[in-house]
Every structure is written in structure tokens, then in C-alpha cells.
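Colleague: Encoded as C-alpha cells, here's the structure I'll be asking about.
The values are calculated or read from the model by the stated rules, or taken from the named source; none is laboratory data. Being a predicted model, the structure only gives us computed values, none of them experimental. Heads up, the Cβs are rebuilt from the backbone with ideal geometry, glycines too, and the neighbour counts pull from every protein chain shown.
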């Protein structure tokens, strides 16, 4: 399994899922399409959360076992996961509260900024290691439902 390629692919799919959620929030008729907006945003939030849980549960322990020198990097990535989860919770509250497209857009902007920074850092720090990582697990369990 080429874990580096899988990670890149999942990151790309999560970026696309965020774009779909943003398009739904930005649509002029977003207020009338509340159910669609909920579905797209909820789908994105669920996929991103599962991706990070899989990394925390499977990928990062495997990396730590074979590359203990990356302990600080892995800790920083897990802190990002916690921050992103908090932001996703804020988006969910905004959706549940029926906030308008502008407010939802601001939530998505914040998530996107942290997510992009996190993905870039993760790829810079881990892709080389993931090229040779031995991990006997299903991609979907390790990297989330988009794997």
C-alpha cells in the first residue's frame, strides 16, 4: 500500500467536499435549500472527522513506532485535529441554528484555513515516511471513508 499516495488522494477529496459545501452555502437560494446545505456540510464534517480519527488511531501510532523522532510533529498534527474538530462543531451549531449563508461562509473560511495549513504541514512532514510505511490496515479505516 502506498500510504503517501492515499493520503494525497484523501486530502484532495476532502478539499473537493469542502468546495461542494461552500457552493451550497454560497448559492443565492441557500436559505430555501436548507436541507441540501445541511447534507453537504454534514457530509464534509463527517468525512473530515473520520479522516482525523483514523489518522490518530491507526496512522500516527504506526508512524511513531517506526519514526520516534516525529513525536513532536505527530503531537502538533493531533492538536490541529482537535482545533479542526472544534471548528466543525461551530459549523454544526451554525447549521442547527439556521444561520444564513454569510455566517456559514465565515465558518467554512475558518475551517478551510486551518485545514489547508494542516494538510500542507502533514504532507511536508510525513509523505516521505509514508512512502515506505508498513501498515496492515484498510485504507478506509486509516484515512476515513474517502480512502
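Colleague: Among the residues of region 14-28 satisfying the criterion of being more than 15 Å from residue 115 (Cα to Cα) and modelled with pLDDT of 75 or more, which is nearest to the chain's Cα centre (by Cα)?
Modeller: 20
Colleague: Among the listed residues 87, 127, 104, identify the single one that is surrounded by 15 or more Cβ atoms within 10 Å (Cβ to Cβ) and within 20 Å of residue 13 (Cα to Cα). Lay out the reasoning, then the answer.
Modeller: Working: 127 fails: surrounded by 15 or more Cβ atoms within 10 Å (Cβ to Cβ); 104 fails: within 20 Å of residue 13 (Cα to Cα).
Exactly one of 87, 127, 104 is surrounded by 15 or more Cβ atoms within 10 Å (Cβ to Cβ) and within 20 Å of residue 13 (Cα to Cα), namely 87.
Colleague: Among the listed residues 113, 65, 71, 31, identify the single one that is more than 19 Å from residue 146 (Cβ to Cβ), surrounded by fewer than 16 Cβ atoms within 10 Å (Cβ to Cβ) and at pLDDT below 95.
Modeller: 31
Colleague: Which numbered condition trips up residue 122, out of (1) out of contact with any helix residue (DSSP H, G or I) (no Cβ under 7 Å at 6 or more places or on another chain); (2) part of a helix (DSSP H, G or I)?
Modeller: With (1) out of contact with any helix residue (DSSP H, G or I) (no Cβ under 7 Å at 6 or more places or on another chain); (2) part of a helix (DSSP H, G or I) applied to residue 122, the lone miss is (1).
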